[in-house]
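The values are calculated or read from the model by the stated rules, or taken from the named source; none is laboratory data. If you're wondering where the values come from, they're calculated on a predicted model, not measured in any experiment. Please note: Cβ atoms are built from the backbone with ideal geometry, for glycine as well, and neighbour counts cover all protein chains shown.
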Amino acid sequence: MADMFRLTPVSAFTDNYIWVLHDHRRAIAVDPGDAAPLQAWLAQQQLQLEAVWVTHHHADHIGGLPALLAAWPGLAVYGPPDIPAVTHPCGQGSTVPAFGRAAQVLAIPGHTANHLAYYLAPHLLCGDTLFGAGCGRVFDGTMTDLFHSLQSLAVLPADTLCYPAHEYTLSNLAFAAAVEPGNHAITARLQRDQATRAANLPTLPTLLADELATNPFLRTTQAAVSHAAQQHAGQEITHEEGIFATLRQWKNNF
């Protein structure tokens, strides 16, 4: 069945996307860090904001909530229970309404301890956990959490469309190419996405199949990735989570 809604990115700050699910009259905004660009876009499209989905508590994801709640009294805000502006706390196993369908809420901690994703197949709103060709840094979550969260996303259907909250794809692909210089899928994707950005278009959403082929954080079992991580660390690493942690530390300083 074809979706009865569309997904559009509204740019905020330097590299954030506020993803908006919308039909011809209603809208759901994901991670509105800044109210102004979202409100301008909604007004231009003549859309009524009926809900907000929040993935985690960082300011560039929730900063617009006070203004939105003031402008839209009764606005339903779904998200982690420890965020004060959330009106409908949710977590792993919850569902949230979306245009007559139900989106699944997935707990994917690591970047933060409270990080959620929203999965309305084939669409995955993944916040700062999974990026184009990369993943989020660990803030108040743990490396173990982040590793397992990405593993849980990797087993979703390969045709899943992933909607990260930041345009980080090109810098992530530069790192991916350093990890796997012989990976032709990375080279091809870099050329394609460089052309996309040159045209001032988003590289997102990204197909999970492409992430599995090019994202080093989802490729920790690949011999080339494991070898590169051990070379970088200067020591033998015998378990997959250790490879992952080494890659994340490497990327932090790349």
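Pairs meeting the criteria (first residue in segment 36-64 and small (Gly, Ala, Ser), second residue assigned to a strand (DSSP E or B), beta carbons under 6 Å, at least 6 apart or on different chains) are Ala51/Ile28; Ala51/Ala76. Restrict the check to segment 119-132 and report whether at least one residue is surrounded by fewer than 23 Cβ atoms within 10 Å (Cβ to Cβ) and among the acidic types (Asp, Glu). No, that holds for no residue. Got at least one residue in segment 179-187 being touching a Phe, Trp or Tyr at 6+ places or on another chain (Cβ under 9 Å), modelled with pLDDT of 95 or more, of a type in the set (Val, Ile, Thr) and surrounded by 15 or more Cβ atoms within 10 Å (Cβ to Cβ)? The answer is yes; a qualifying residue exists.
Here Asp3 passes the criteria (1) surrounded by 14 or more Cβ atoms within 10 Å (Cβ to Cβ); (2) within 16 Å of Pro202 (Cβ to Cβ) except the one numbered (2). May I ask you to list pairs of residues, at least six apart or on different chains, whose Cβ atoms are under 7 Å apart, with the first in segment 139-157 being closer than 15 Å to His239 by Cβ and the second being of a type in the set (D, E, K, R)? Pairs that qualify, where the first residue is closer than 15 Å to His239 by Cβ and the partner is of a type in the set (D, E, K, R), are Met143/Arg248; Thr144/Glu241; Phe147/Glu241. Select from segment 20-46 the residues that are farther than 18 Å from Val96 by Cβ and touching a strand residue (DSSP E or B) at 6+ places or on another chain (Cβ under 8 Å) and write down the one among them that is surrounded by the fewest Cβ atoms within 10 Å (Cβ to Cβ). It comes out as Arg25.
Scanning segment 145-167 finds one or more residues that are under 15 Å from the mean Cα position of the chain (by Cα), outside any helix (DSSP H, G or I), modelled with pLDDT of 95 or more and within 19 Å of Thr221 (Cβ to Cβ). Residue count for segment 111-144 satisfying the condition of being under 18 Å from Thr203 (Cβ atoms) and in a strand (DSSP E or B): 9. Within segment 111-120, can one find any residue that is under 30 Å from Phe254 (Cα atoms) and in contact with a helix residue (DSSP H, G or I) (Cβ under 7 Å, 6 or more places away or on another chain)? Yes, some residue in segment 111-120 is under 30 Å from Phe254 (Cα atoms) and in contact with a helix residue (DSSP H, G or I) (Cβ under 7 Å, 6 or more places away or on another chain). The set of residues in segment 204-224 that are part of a helix (DSSP H, G or I) and surrounded by fewer than 22 Cβ atoms within 10 Å (Cβ to Cβ) comprises Ala209, Asp210, Leu212, Ala213, Ala223, Ala224.
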